[in-house]
Every structure is written in C-alpha cells, then in structure tokens.
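Taking it in order: structure first as structure tokens, then the write-up.
What follows draws every value from the coordinates through simple rules; no lab data is involved. From a predicted model like this one, the values you see are computed outputs, not experimental measurements. So basically every Cβ, Gly included, is an ideal-geometry build from the backbone, and we count neighbours across all protein chains shown.
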Amino acid sequence: MKKHLNKISKTSALLDKRGWAEANAGNISLRIGNISNNYYKKYQLGELKNFQKTFTHLSNQVIIVTGAGTRMRDVKRKPERYLFILKINEAGNMFQQIISNKTNKNLKPTSELISHLYIHNMLLANKREERSIVHTHPANLIALSHIQKFCNQDAINNLLWSIQPETVVLANEGIAFIPYQLTGSEKLAIETTKALEKHRVALWEKHGCIAIGKSPEKAFDLIDVLEKSAFIFFIYKNAGYNVEGINDIKQKKMRRHFKI
C-alpha cells in the first residue's frame with residue numbers, strides 16, 4: 001500500500017510546485033484493484049457507507065483518493081494521514097475506509113468523489129489501462145476557458161496543438177471541453193466520463209483540468225504539456241504579437257512521422 005500512497009504523494013508535490021493547488025484545490029485518485037481478503041488482516045475497516053448510485057464495475061475494488069479539504073502540500077508530507085483508502089463492496093453501492101495506525105479516521109473522501117467513481121467505472125467497463133485520475137487548477141488553461149472564442153473544443157485544440165510539437169505528440173487526441181457545471185455534481189461527472197471515453201484530458205470551463213493515466217504522474221504529464229502550450233500563447237499575446245503557430249500541414253506531417 002505504501003508504494004501506491006507514495007505515487008500520489010509524488011504527484012501532489014508536483015501540483016504544489018506548479019502552483020496548481022491553491023488552498024485545498026484539486027484531487028487525485030488511484031485504483032489499486034481487487035485485493036485478497038487476507039490483505040485486510042493488517043488493517044481495520046470502517047463502517048459501511050452508501051454511494052449515491054451503484055457502480056457495478058467497481059465491485060470489490062480498492063481506490064485511494066485525496067481527502068476532502070486536504071491540501072496537496074500536506075498530502076506530499078503525510079500521505080497516510082491525508083489520503084482516504086476506500087474498499088468498495090461486491091454490489092458496488094457501498095464502501096468502507098481502510099484504516100491503519102496512521103489513518104485520520106475523521107477524514108472524508110474528496111468532494112469530487114462522484115466524478116472519480118464514474119470515471120473509474122467507465123475505465124473498467126471499457127477495459128482501459130488507465131488507473132489514475134488527477135484534477136487540478138492550471139492557471140493558463142483556466143484563463144483560456146474565460147475567453148469565449150476558446151470555449152469550443154475544436155478552437156482550443158487547434159490553438160494548443162499549434163503552439164509546440166510536444167502537444168501534438170503527447171496529447172494527440174486533444175483536450176475535451178466541458179461547459180460550466182456545478183462543482184461536485186453528478187451532471188459534471190456524467191459529462192466528464194462521456195468525454196473521457198475518447199480523450200485523456202478534459203477542461204472544465206472556468207474551473208480546471210481533469211486527466212487520466214496509468215499512474216498519477218502520467219496523468220499529470222498530459223495536463224503539464226497542455227498547460228505549457230497555453231502559457232506560451234499568453235507570453236506571445238502579452239508581448240503584443242499574434243501567434244503564428246505550427247500550421248495544419250506541419251502538424252499532419254508530425255502525426256504521420258510519430259504514427260499517431
């Protein structure tokens with residue numbers, strides 16, 4: 001379990017260093033899988049609590065999530081205290097906290113838990129390789145979502161791809177754009193899950209980014225490269241220049257070269 005906690009701790013440190021995690025902003029989850037019953041002999045199990053709905057594909061799964069109200073800078077220091085380990089029951093409609101001697105028993109899962117559950121359920125249903133979800137607040141991508149011109153999936157992707165080759169190569173399917181929805185709502189969870197069936201990153205309008213990856217660090221990398229493109233765009237604009245960018249012909253040549 002410690003190695004999984006450390007993976008989240010490492011990414012929490014990156015988010016804090018980037019300045020994408022003001023106060024208690026952002027959340028991370030990592031799905032460990034179905035663990036043998038013998039494993040729980042080392043831990044206590046908290047009381048059973050209900051989910052808002054049933055997640056059939058999450059039967060018996062163990063998922064680590066950041067705790068509600070926790071700061072990324074605290075998670076990186078004491079992951080055992082600020083991460084919530086939940087064990088889902090066989091029916092997929094209830095969960096228990098897995099408790100060690102370092103666990104904060106008063107901790108609750110992130111307020112965005114519903115989105116994490118919907119997404120993990122989809123990933124398992126579709127036999128996808130991604131096991132981690134990272135939600136954070138990268139300033140330049142959020143700023144783009146305040147500009148009406150870029151509140152459009154095609155427009156924002158055409159811009160981000162045109163800025164640097166790495167974005168074309170590493171985020172080749174682009175970023176999904178989710179129009180503004182209430183934070184922590186089931187509607188936001190449903191819209192995001194649908195978008196992530198074809199993408200690995202989604203931008204929540206005027207809110208932040210959410211990405212999926214094999215590990216928390218892989219999900220972070222996707223947001224990082226997209227945020228870098230947005231950052232370069234604003235450097236150009238603030239200097240008074242229009243962005244020339246990498247044109248479509250050059251982008252297509254890159255895609256052929258890298259077979260994407």
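Straightening the chain between Phe234 and Arg128 buys 34.7 nm, computed as 0.36 nm per residue apart minus the Cα-Cα spacing.
Dividing the convex hull volume of the alpha carbon atoms of the chain by its residue count gives 122 Å³ per residue. Working from label points 7 Å from Cα in the Cα-to-Cβ sense, the Glu173 to Asn140 distance is 2.4 nm. Relative to the longest principal axis of the C-alpha atoms of the chain, give the angle of the C-alpha long axis of helix 2-18, reported between 0 and 90° and rounded to the nearest 10°. Its long axis makes an angle of about 40 degrees.
Highest mean first, how do 218-224, 236-242, 75-81 rank when packing is the count of other Cβ atoms within 10 Å averaged over residues?
Working: 218-224: 22.6, 236-242: 8.9, 75-81: 18.0.
Those peptides, ordered most packed to least, come out 218-224, 75-81, 236-242.
Once both labels are positioned 7 Å from their Cα atoms along Cα-to-Cβ, the gap between Lys49 and Ile249 label points is 5.9 nm. Only lysines eight or more places from Lys187 in sequence, or on another chain, were considered; those with a Cα closer than 28 Å are Lys49, Lys53, Lys87, Lys108, Lys127, Lys149, Lys198, Lys206, Lys214, Lys218. Using just its DSSP H runs of length 4 or more, each adding -39500 (n - 2.57), the chain gives a mean residue ellipticity at 222 nm of -12000 deg cm²/dmol after division by all residues.
Among Thr167, Thr183, the order by Cβ neighbours within 10 angstrom, fewest to most, reads Thr183, Thr167.
If Lys and Arg each add +1 and Asp and Glu each add -1, what is the summed charge of the other residues whose beta carbon sits under 11 Å from the beta carbon of Gly208? If you can, show how the numbers build up before the last one.
On the way: positive: Lys206; negative: Glu22, Glu112, Glu205, Glu227.
Its environment carries a net charge of -3.
Two decimals is fine: what is log10 I(q)/I(0) at q = 0.17, 0.19, 0.24 Å⁻¹ for the stretch 170-242, from a Debye sum with one equal scatterer on every Cα and no solvent? Log-scaled intensity ratios, in q order: -0.68, -0.81, -1.08. Peptides 129-135, 43-49 ranked from most to least packed give 129-135, 43-49, packing being the mean of other C-beta atoms within 10 angstrom over each peptide's residues. For the stretch 23-90, the spread of Cα coordinates along the three principal axes comes to 35, 29, 20 Å, biggest extent given first. Mean separation of Cα pairs under 8 Å and 6 or more residues apart, divided by the residue count, gives the chain a relative contact order of 20 percent. Taking other C-beta atoms within 10 angstrom as a stand-in for reagent exposure, Thr136, Thr193, Thr70 fall in the order Thr193, Thr70, Thr136, fewest first.
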